[in-house]
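The values are calculated or read from the model by the stated rules, or taken from the named source; none is laboratory data. Since the structure is predicted, the reported quantities are computational estimates derived from the model, not experimental observations. Counting neighbours? That spans all protein chains shown, and the Cβs are built from the backbone with ideal geometry, glycine included. What goes into the accessible areas is simple: the full protein's heavy atoms, side chains included, and nothing from ligands, DNA or RNA. Shrake-Rupley method; radii C 1.70, N 1.55, O 1.52, S 1.80 Å.
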Amino acid sequence: MLRTGFASQIITPPRDFPLAGYFNKRPNRGVYDDLYVKVLLVEKEGVMGGFVVYDLCGSSPAFFDSLRAAVKKAGMTFGDNLMVSCTHTHTGPEVRRDIDEQKQAYIDHIIAKTVIAIKEAENNLRESTFEAASVNSNPYAYVRRFWMKNGKVVTNPGKCNPDIVKPDGDYDRTISAVAVKQEGRIAAILVNLANHGDTIGGDFVSADWFGRMEREIQYQLGEDVPVMTLTDCSGDINHFDVSTMRNQTNYAEALRIGRGYGKIVLELLTRLEKVDDSQLSFKKTIFKMPYRTVTAQQLADARKVLETIPAGSLDNRGDMTSEDLAKGDGIVLRMFAERLLGCEGNEGKFQECELLALTLGKDLAFITMPGEPFNGVAQGIRAASPFKRTLIATLAQGKCGYIPMPESFERGGYETEPYATSPEVDTAPKLIAAALETLNK
């Protein structure tokens with residue numbers, strides 16, 4: 001017998017707390033909508049684990065390790081089987097870096113709330129079934145990297161830029177919905193799709209379109225059915241349609257996209273297929289991700305930039321978005337040079353990234369991915385996965401950072417710029433191989 005349990009807790013940060021997602025400081029000035037940590041536990045024949053999803057831009061290894069320790073301290077023995085991921089909202093709190101007393105207190109608060117939610121979910125375990133459906137359509141996402149007339153690729157080159165030639169490839173448009181049913185009704189929904197959570201801008205807290213999608217689904221179903229989003233590989237994907245000058249950075253855009261995705265999920269719920277739950281398994285691989293190495297010439301060029309471009313403040317110019325990075329002004333060049341110098345001495349160094357898979361029979365698999373892989377990683381995994389449906393949860397197990405495809409590095413785009421913990425150029429295919437090895441265990 002398969003059992004599931006769900007619970008959630010509000011984790012909205014306090015006023016003036018720093019928000020994540022841009023390069024300038026943004027203290028929280030108010031709240032559009034609350035942020036949550038959501039937990040779905042799955043248990044069969046004494047084997048238990050599940051999903052912990054945060055409305056955060058990302059977490060950190062220290063955050064993840066603290067959560068595992070807190071779960072263990074609370075007497076729960078299944079912490080190693082928890083898939084811990086973030087939606088990637090850019091209007092959530094910054095908990096990844098520059099941890100001071102204020103941030104640490106809030107992180108401790110989030111972890112305490114998460115332990116409460118996990119315990120509540122365990123207490124709520126009931127006999128359940130899984131049903132799933134997928135569609136190859138994602139009308140609200142676009143490749144955000146473009147070939148330009150100068151022969152280079154630029155990320156977010158700006159709307160209606162006359163120098164745009166074509167997108168840098170295509171992406172996997174799969175949207176999957178998994179309905180967890182208890183006593184004949186839908187008790188929770190897992191959604192997996194590729195897109196960025198960066199529609200709003202500004203300095204008001206919001207779960208972005210992820211939260212608006214949940215509200216739309218709940219409104220149409222007439223019940224407060226919890227919806228958890230597992231964000232698919234979206235490192236080179238976002239919501240900007242560069243063929244139009246329509247303003248796509250505002251709360252109305254979060255509403256539009258959330259409602260649109262909600263309608264797609266609701267349609268998927270009308271054609272669900274039963275998932276074979278005869279066997280529940282958790283499988284794990286520790287992937288050693290090598291750090292990016294740079295040449296002596298790159299280091300020398302970076303030092304020259306620091307000598308010639310004066311230090312400037314990012315905090316007095318408003319939101320510094322990815323479109324600003326594409327323009328490459330002096331402050332941007334200096335920032336990239338400072339980040340590159342952090343790679344000095346990276347030879348032979350690596351970080352350990354946990355890939356955790358939850359599988360049900362041969363019908364359904366979930367697997368975690370570190371950071372923000374380019375969508376080619378998802379394509380490579382799904383093309384060779386032994387499962388009918390493979391759902392990917394990125395920004396998972398405490399790891400952040402872009403993981404571009406190897407060919408992307410020579411083409412350009414700010415995601416390929418080196419920084420201290422960025423991955424080596426050949427990481428993506430190795431990550432695909434490690435994921436497939438995990439799924440085939």
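Across all C-alpha atoms in the chain, the radius of gyration and Dmax reach 21.1, 68 Å.
Fully extending the segment from residue 183 to residue 120, taken as 0.36 nm per residue of separation minus the present Cα-Cα distance, adds 20.8 nm. Of all lysines in the structure, those lying under 19 Å Cα to Cα from residue 349, and not within fewer than 8 positions of it along the same chain, are 288, 399, 430.
Only the Cβ atoms of Lys and Arg (+1) and of Asp and Glu (-1) were treated as charged; on that basis the dipole of region 369-441 about its Cα centre amounts to roughly 520 debye. Averaging sequence separations of C-alpha pairs under 8 Å and six or more residues apart, then dividing by the length of region 28-136, give the relative contact order as a whole percent. Computed over region 28-136, the figure is 30 percent.
If you take the charge dipole of region 1-143 about its Cα centre, with +1 on Lys and Arg Cβ and -1 on Asp and Glu Cβ, which of 50, 143, 77 is farthest toward its positive end? Toward the positive end, the furthest listed residue is 143.
Ranked from largest to smallest solvent-accessible area, with a 1.4 Å probe on the protein heavy atoms, 264, 110 come out as 264, 110.
Using only the heavy atoms of the protein chains and a 1.4 Å probe, how would 216, 183 rank by accessible area, largest first?
On the way: 216 20, 183 175 Å².
Highest to lowest solvent-accessible surface, that is 183, 216.
Under 8 Å for C-alpha pairs, at least 6 residues apart: give me the relative contact order for region 159-251, rounded to a whole percent. Value for region 159-251: 36 percent. Extending 7 Å from the Cα toward the beta-carbon at both residue 250 and residue 388 defines two label points whose distance is 4.4 nm. Residue 212 sits with roughly 40 Å² accessible to a 1.4 Å probe, with DNA, RNA and ligands left out of the calculation. Taking every C-alpha pair closer than 8 Å and separated by at least 6 residues, the mean separation divided by the residue count of the chain gives a relative contact order of 19 percent. Taking all protein chains as they are arranged and a probe of 1.4 Å, the heavy atoms of residue 249 leave approximately 60 Å² accessible to solvent.
Comparing mean-square fluctuations of 45, 273, 120 from a GNM of the chain with C-alpha springs under 10 Å, the top value falls on 45.
Could you tell me the number of lysine pairs in region 81-223 with C-alpha atoms less than 18 Å from each other, where the two lysines are 8 or more residues apart or belong to different chains? Present the calculation step by step, with values, prior to reporting the outcome.
Numbers: 103/113; 149/159; 149/166; 152/166.
Within region 81-223, the lysine pair count is 4.
Take the Cα of residue 218, go 7 Å toward its beta carbon, and the backbone nitrogen atoms of region 173-196 under 16 Å from that spot belong to 186-191. Computed from point charges on the beta carbon alone (+1 for Lys and Arg, -1 for Asp and Glu), the dipole magnitude for region 154-272 about its Cα centre is near 400 Debye. Rounded to the nearest 0.05, the FRET efficiency derived from the C-beta distance between residue 112 and residue 304 at R0 = 41 Å is 0.30. Relative to one another, the C-alpha centroids of region 1-60 and region 262-304 are positioned 18 Å apart. When the Cα positions of 201, 95, 379 are compared along the charge dipole of the chain, 379 comes out farthest toward the positive end, with charges on each C-beta of Lys, Arg, Asp and Glu.
Dipole size in debye (nearest 20) for the chain around its Cα centre, Lys and Arg Cβ +1, Asp and Glu Cβ -1?
Dipole of the chain, to the nearest 20 debye: 360 debye.
Accessible surface ranking for 152, 288, 1.4 angstrom probe, highest first: 288, 152.
Considering only 172, 55, 33, give the residue with the highest GNM mean-square fluctuation for the chain, with springs between Cα atoms whenever their separation is below 10 Å. In this elastic network of the chain, the residue with the biggest mean-square fluctuation among 172, 55, 33 is 33. Of all accessible surface on the chain at a 1.4 Å probe, what whole percent is carbon and sulfur? Ligands and nucleic acids excluded, carbon and sulfur reach 49 percent. Modelled this way, with points 7 Å down the Cα-to-C-beta line, the labels at residue 284 and residue 105 are 3.4 nm from one another.
Enter the Cα centre distance for the pair region 192-242 and region 109-124, rounded to the nearest angstrom. So the separation of the two Cα centres works out to 23 Å.
In the full protein context, region 27-168 carries 41 Å² of accessible surface per residue, based on a 1.4 Å probe and ignoring ligands, DNA and RNA. When the surface is traced with a 1.4 Å probe over the full set of protein chains, residue 266 keeps roughly 30 Å² accessible.
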